[in-house]
Amino acid sequence: MDNILEIIHVSKQFPGFLLNDLSITLPKGFIMGLVGQNGAGKTTLIRLILNMLEKDAGEIRVFGQDNIIHEHLIKEKTGVVFDQIFYAEDWTIRDTGNAISVFYENWDHDLFRQLSERFKLPSNKKIESLSRGMKIKLMLACAFSHDARLLILDEPTSGLDPVSRDELLELLQEFIKDGERSVLFSTHITADLEQIADYITFLQEGNMIYTGSMEELLDKYQKIKGRIPDLTWELEQRILGLRKTDLGFEGLVLRRDAAHYNNCILDKVTIDDIVISHSKGRGQS
Amino acid sequence: MKNSLKMTRLDYFTMKHQMILHAATLIGMILIYTFMLKSSIVLLGTTCSWITALFSSTIFITQEKNQLNYLYATVSIRPAEIVRGRYLYLYLNYLAALLICIIFSAANSLLNGTPVSLTDILTTISLSFFIYSCIMGMQIPIYYKMGYARAKYWSMIPYLFVLSLVYTPAIVKSLSYILVFLQLHLYLFMIIGVIAGVAISFLSCRISVCIYKKNRV
């Protein structure tokens with residue numbers, strides 16, 4: 001079993017929204033970033049994986065097992081961090097460990113204590129008095145303390161200061177170090193993904209635009225900038241997320257077409273560029 | 001069953017800090033009823049079942065306020081076990097409250113030099129369990145269906161239902177024969193009360209499981 005997560009032709013329909021035929025594979029030992037605008041379907045996908053929503057079609061396999069039939073076993077080995085803490089606010093850090101530990105056979109109390117110390121979480125401090133960064137760290141401490149093999153994070157870095165974000169990214173890299181664990185990481189802050197992700201899945205309005213290696217995605221496009229007189233009709237049709245100003249134009253083009261754009265400046269893209277350009281569409285300003 | 005007990009334990013952890021307040025309120029009520037109003041153990045027991053049922057809503061408030069549904073959906077436990085564990089927690093609360101009632105009432109009888117009536121104790125157990133089961137049997141599925149915020153007023157229906165169930169035979173003359181029959185067959189009434197309470201609780205639990213599976217988060 002080399003893939004920790006396999007999503008095979010999964011669809012889910014809500015009134016006014018369709019998560020359409022997604023197929024995604026996350027191999028063991030890697031970090032996958034899940035990107036897309038608000039309402040793209042990232043959280044819906046995470047809820048489907050966790051069986052918090054019932055899918056309309058397709059199959060989801062976690063650790064090679066069906067996510068509904070073997071939900072119980074899968075959750076034993078899965079850690080989840082949402083953007084909002086989901087523990088009782090009058091629990092202390094110690095209470096949280098005691099309360100959560102009953103659900104996991106592999107819960108390691110010593111490890112939880114060590115992680116709490118490392119994350120500077122005082123054992124007698126109540127959750128309601130923790131900062132957002134500390135709450136995220138507490139959820140991570142819980143996920144790490146039951147020896148999770150798959151970590152699912154839904155927007156964990158939003159609202160975190162740069163230092164806490166950097167710490168979190170380091171932790172995730174440490175988490176997958178042994179090559180046996182994987183991370184699925186949904187975020188709006190794509191700069192974080194560029195630091196740590198190996199794979200990217202890009203969703204837009206419920207459709208999958210891309211899934212695969214991040215390097216390939218970044219290699220696929222180039223940022224193009226030029227003067228308005230150089231913007232031919234043919235070029236305009238090839239540019240994704242075209243933005244025209246009095247000074248010139250910019251957008252994304254496929255790298256394989258780069259040879260055609262002699263008078264323009266070509267530059268590296270970021271994931272943000274790709275997400276924004278796709279949301280604008282082709283040949284629009 | 002093992003996993004349902006885990007959920008019961010989680011509910012205990014969730015409510016740990018509020019349980020002291022609940023226990024203090026209950027004991028205060030028992031002291032007033034027992035020593036000031038000199039109420040019978042039957043009245044004390046039934047009042048205790050009302051109060052415990054009222055307290056039961058706090059676990060649903062806490063669940064909603066702290067988004068605990070997300071916690072339940074991420075830990076290694078099945079939806080049916082989550083619901084069963086919650087029922088177990090609420091019924092254990094009731095049993096603890098009833099036990100305190102009986103102990104205080106028995107202590108009061110001993111202090112006053114009056115004998116402790118086993119029939120009264122059994123009647124109390126049967127009647128209060130039946131009342132508690134009726135209220136909770138309706139209230140819990142309503143909370144699972146609507147959540148506490150939306151079910152706040154709907155959850156009063158079980159109390160009105162039980163009140164009407166208790167008072168109708170006393171008010172409507174043509175039904176008063178029921179009361180007479182019950183008084184004549186007290187032990188039968190006790191057995192029926194317990195059996196009906198258990199049946200209502202099981203049915204309610206099954207309904208709640210179905211509802212919870214549908215609206216998990």
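Just a few scattered comments:
- Restricted to the range B:31-64, and to residues there that are assigned to a helix (DSSP H, G or I) and either among the small types (Gly, Ala, Ser) or facing chain A (nearest Cβ under 8 Å) (or both), the residue that is surrounded by the fewest Cβ atoms within 10 Å (Cβ to Cβ) is B:57.
- Where helices (runs of 4 or more DSSP H) fall entirely within the range A:178-283, those with at least 3 residues that are surrounded by fewer than 15 Cβ atoms within 10 Å (Cβ to Cβ) are at A:214-220, A:233-238.
Quick grid of which residues meet (1) surrounded by fewer than 14 Cβ atoms within 10 Å (Cβ to Cβ); (2) of a type in the set (Ser, Thr, Tyr); (3) touching a Lys or Arg at 6+ places or on another chain (Cβ under 7 Å):
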{"position": "A:2", "(1), (2), (3)": "yes, no, yes"}
{"position": "A:19", "(1), (2), (3)": "no, no, yes"}
{"position": "A:25", "(1), (2), (3)": "no, yes, no"}
{"position": "A:55", "(1), (2), (3)": "no, no, yes"}
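- Subset of the range A:81-107 (residues that are facing chain B (nearest Cβ under 9 Å), in contact with a Phe, Trp or Tyr (Cβ under 7 Å, 6 or more places away or on another chain) and either among the hydroxyl-bearing types (Ser, Thr, Tyr) or closer than 23 Å to residue A:180 by Cβ (or both)): A:96
- Qualifying residues in the range A:42-53 (those that are more than 11 Å from residue B:74 (Cβ to Cβ) and touching a Lys or Arg at 6+ places or on another chain (Cβ under 8 Å)) - the one nearest to the other protein chains (Cβ to nearest Cβ): A:53
- Residue in the range B:34-47 that is within 23 Å of residue B:166 (Cα to Cα) and touching a Cys at 6+ places or on another chain (Cβ under 6 Å) present: yes
- Enumeration of residues in the range B:186-215 that are more than 27 Å from residue B:142 (Cβ to Cβ) and either at pLDDT 85 or above or in contact with a Leu (Cβ under 8 Å, 6 or more places away or on another chain) (or both): B:187, B:188, B:189, B:190, B:191
- Residues of the range A:64-75 classified as surrounded by fewer than 20 Cβ atoms within 10 Å (Cβ to Cβ) and either more than 9 Å from chain B (Cβ to nearest Cβ) or within 16 Å of residue B:68 (Cβ to Cβ) (or both), total: 6
- Meets criteria (away from chain B (no Cβ under 12 Å) and aromatic (Phe, Trp, Tyr)) for residue A:17: yes
- Scope the range A:2-16; condition within 20 Å of residue A:62 (Cα to Cα) and outside any strand (DSSP E or B); matching residues: A:2
- Helices (runs of 4 or more DSSP H) enclosed by the range B:118-217 - at least 2 residues per element that are within 14 Å of chain A (Cβ to nearest Cβ) and closer than 30 Å to residue A:82 by Cα: B:186-214
- Failed item, numbered, when residue A:141 is tested on (1) within 15 Å of residue B:74 (Cβ to Cβ); (2) within 14 Å of chain B (Cβ to nearest Cβ); (3) in a helix (DSSP H, G or I): (2)
- Output for the range A:109-118, where each listed residue is surrounded by fewer than 18 Cβ atoms within 10 Å (Cβ to Cβ) and closer than 20 Å to residue A:136 by Cβ: A:111, A:113, A:114, A:117, A:118
- Residue identified as in contact (Cβ under 8 Å) with a residue 12 or more places away in the chain, among the polar types (S, T, N, Q), buried (at least 22 other Cβ atoms within 10 Å of the Cβ) and within 13 Å of chain B (Cβ to nearest Cβ) among A:157, A:78: A:78
The values are calculated or read from the model by the stated rules, or taken from the named source; none is laboratory data. Bear in mind the structure is a predicted one, so any value in this text is a computation, not a measurement. Cβ: placed from backbone, ideal geometry, glycine included. Neighbour counts: every protein chain shown.
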